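Asker: Following this message is one structure expressed as structure tokens.
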Amino acid sequence: MNICVIGTGYVGLVSGTCFSDTGNQVTCVDLDQRKVDMLKNGEIPIYEPGLKELVEKNVKAGRLTFTTNLTDGMKEAEVIFVAVGTPPKENGEADLQYIEAVASQIGEQLNDYKVIVTKSTVPVGTGQKIKDIIKSKTNVEFDVASNPEFLREGSAIYDTQNMERAVIGVESKKAEELLTKLHEPFQTEVVVTNIETAEMIKYASNAFLATKISFINEIANICEQVNADVTEVARGMGLDSRIGSKFLQAGIGYGGSCFPKDTRAIIKIAEQVGYDFKVVRNVEEVNNDQRYRMVEKLKQALGSLEGKKIAVIGLAFKPNTDDMRDAPSIDIIREIKKLGGEVVAFDPVASDNAKKVIEGLVTAADIYDTISEADAVLILTEWKEVQQIDLAKVKKVVKEPIIIDGRNVFSLDAMEQYGFYYDSIGRKTVDFR
Ligand code: UDX
């Protein structure tokens, strides 16, 4: 099949590449000349394990091309995926200006029947809006559809190639057939429904996962007070298949480009129809508070933070990405600095991006340089570099053997063995100094 993907961000680039890998002819279109030039040269504008190799393979096979020219990109395509950004507006609503601009252009260029599919996460009703915009520009026959994306950064290729379901929101048999056929190679369960339902499935899924995280974080906060261990609680809960073991890791709360944005957006969607989405409003509040608990833990260990060297290990909102969008580390570091602490940070890949959003951030290239002479080590991302750290060496180079662990990376036994003060999430604070 001939496919056009508009927008080469995470979603567009990964799905375009994976669709080409299953034998389709894919043209990825992006306005950004620099991005397109990079991609043509085999460079990938984002950090995503495995993506470079897969792009290379399919470019070489002649199935994957990049262009800034929408007219060329969509001319031969039967299916057009729209995967441009929907950034949040000041009030939390999704900003649809890029989607609307693309819809107008598609309408102006439409030369024969095509299915125009939104892959971006868009408010319920956007599919119809796109249809109206395109209709106002052309008499050529077309269908709109919704095919939300559920990939995670850091495992985007795996998630796409092994998708647990494909959601297809359609209004015609023709669009259903084309999109179902496109998903056949993925051998996955296909949920065919109407467009509004497909749009809602995406928000409901992300809001539910965010709820799971805030729920376990609150359980963790209670565990700390009642001598219970949240990792064991999560294990005990997760074995019940109705609950499931995933997304029950207590920590510093969620960040990234999806959960914060999508929870805010679904609250807005509800608000606009006069409904107060209480659960998700509280999920957000809990998530925000959870970040500041890290600073409280530091204060508990150190007293005043004034003039103290805090070594922050991990800046990205999760491992295997350089994405700093809404990373909890941003608020946490700002707060530590506000309280007079000196921060030196380490992240295997996100340091450059972090410097763009955290003013005056000092980073070090090596984990042991970062923690050298530190009054406390603060773990914010569970990178494998952290999991593999040499604790004996840590003990030697820090000024005070204090670890505040926002990701529950270490066992209490290891902390006892090496002699640390160790405060993690939802487990008892231990002091083996
Ligand atoms: C998420 C969804 O998983 C994906 O389906 C959707 O398409 C986009 O949003 P992503 O943001 O890439 O993907 O990351 P994910 O792995 O889901 O983690 C999101 C955040 O939740 C991270 O900050 C992570 O640290 C946090 N998290 C996740 C927890 O704190 N605990 C958990 O148990 C799981």
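Asker: Can you name every residue in the stretch 73-122 that is assigned to a helix (DSSP H, G or I) and among the aromatic types (Phe, Trp, Tyr)?
Answerer: 98
Asker: Among helices (runs of 4 or more DSSP H) lying entirely in the stretch 263-365, which contain 3 or more residues that are outside the structural domain of residue 385 (by TED's automatic domain parsing), of a type in the set (S, T, N, Q) and modelled with pLDDT under 95?
Answerer: none
Asker: Sticking with this one: Would you tally the residues in the stretch 1-39 being part of a helix (DSSP H, G or I) and not β-branched (Val, Ile, Thr)?
Answerer: 15
Asker: Let me ask something else about it. Report yes if residue 40 is touching a Phe, Trp or Tyr at 6+ places or on another chain (Cβ under 9 Å) and of a type in the set (D, E, K, R), otherwise no.
Answerer: Yes.
Asker: Just the residues that are among the hydroxyl-bearing types (Ser, Thr, Tyr) and farther than 17 Å from residue 204 by Cα, please, taken from the stretch 273-294.
Answerer: Selection gives 292 alone.
Asker: Here are some conditions: (1) away from the ligand (no atom under 16 Å from the Cβ); (2) under 25 Å from residue 250 (Cα atoms); (3) in a helix (DSSP H, G or I). Residue 389 meets all but one. Which one does it not meet?
Answerer: The single condition residue 389 does not satisfy is (3).
Asker: Next question. Can you tell me which residues in the stretch 130-155 are within 32 Å of the chain's Cα centre (by Cα), part of a loop (DSSP other than H, G, I, E, B) and either of a type in the set (A, V, I, L, M, F, W, C) or not assigned by TED's automatic domain parsing to the domain that holds residue 115 (or both)?
Answerer: 150, 151, listed by residue number.
Asker: Would you tally the residues in the stretch 227-262 being more than 9 Å from the ligand (Cβ to nearest atom) and part of a loop (DSSP other than H, G, I, E, B)?
Answerer: 10
Asker: Separate question: Within the stretch 187-203, which residues are under 22 Å from residue 270 (Cβ atoms) and more than 12 Å from the ligand (Cβ to nearest atom)?
Answerer: 193, 194, 195, 196, 197, 198, 199, 200
Asker: Tell me, please, whether a residue that is assigned by TED's automatic domain parsing to the domain that holds residue 153, within 16 Å of the ligand (Cβ to nearest atom), under 19 Å from residue 323 (Cβ atoms) and of a type in the set (Asp, Glu) can be found in the stretch 29-48.
Answerer: yes
Asker: Based on this model, can you work out whether residue 392 counts as more than 25 Å from residue 418 (Cβ to Cβ) and modelled with pLDDT of 95 or more?
Answerer: Taking the combined requirement at face value, the residue does not satisfy it.
Yes or no, residue by residue, for (1) away from the ligand (no atom under 16 Å from the Cβ); (2) under 30 Å from residue 293 (Cα atoms); (3) in contact with a Phe, Trp or Tyr (Cβ under 8 Å, 6 or more places away or on another chain):
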site: 112; (1), (2), (3): yes, no, no
site: 130; (1), (2), (3): yes, no, no
site: 136; (1), (2), (3): yes, no, no
site: 140; (1), (2), (3): yes, no, yes
site: 149; (1), (2), (3): no, no, no
site: 155; (1), (2), (3): no, yes, no
site: 179; (1), (2), (3): yes, no, no
site: 218; (1), (2), (3): no, yes, no
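Asker: So residue 207 clears everything in (1) farther than 29 Å from residue 320 by Cα; (2) not in a strand (DSSP E or B) except one condition, right? Which one?
Answerer: Here residue 207 clears every test but (1).
Asker: Now a separate question. Please indicate, with yes or no, whether at least one residue in the stretch 49-62 is surrounded by 19 or more Cβ atoms within 10 Å (Cβ to Cβ) and either modelled with pLDDT under 95 or more than 26 Å from the chain's Cα centre (by Cα) (or both).
Answerer: Scanning the stretch 49-62, I find no residue that is surrounded by 19 or more Cβ atoms within 10 Å (Cβ to Cβ) and either modelled with pLDDT under 95 or more than 26 Å from the chain's Cα centre (by Cα) (or both), so the answer is no.
Asker: Can you tell which of 299, 268, 278, 308 is more than 14 Å from the ligand (Cβ to nearest atom), buried (at least 20 other Cβ atoms within 10 Å of the Cβ) and either of a type outside the set (Gly, Ala, Ser) or within 17 Å of the chain's Cα centre (by Cα) (or both)?
Answerer: Only one candidate qualifies: 308.
Asker: Restricting the stretch 392-427 to residues that are under 15 Å from residue 224 (Cβ atoms) and either among the polar types (S, T, N, Q) or exposed (fewer than 15 other Cβ atoms within 10 Å of the Cβ) (or both), which is farthest from the ligand (Cβ to nearest atom)?
Answerer: 424
The values are calculated or read from the model by the stated rules, or taken from the named source; none is laboratory data. Just so it is clear, the model here is predicted, and its values are computed rather than measured. Glycine also receives a Cβ, built like all others from the backbone with ideal geometry; neighbour counts cover every protein chain displayed.
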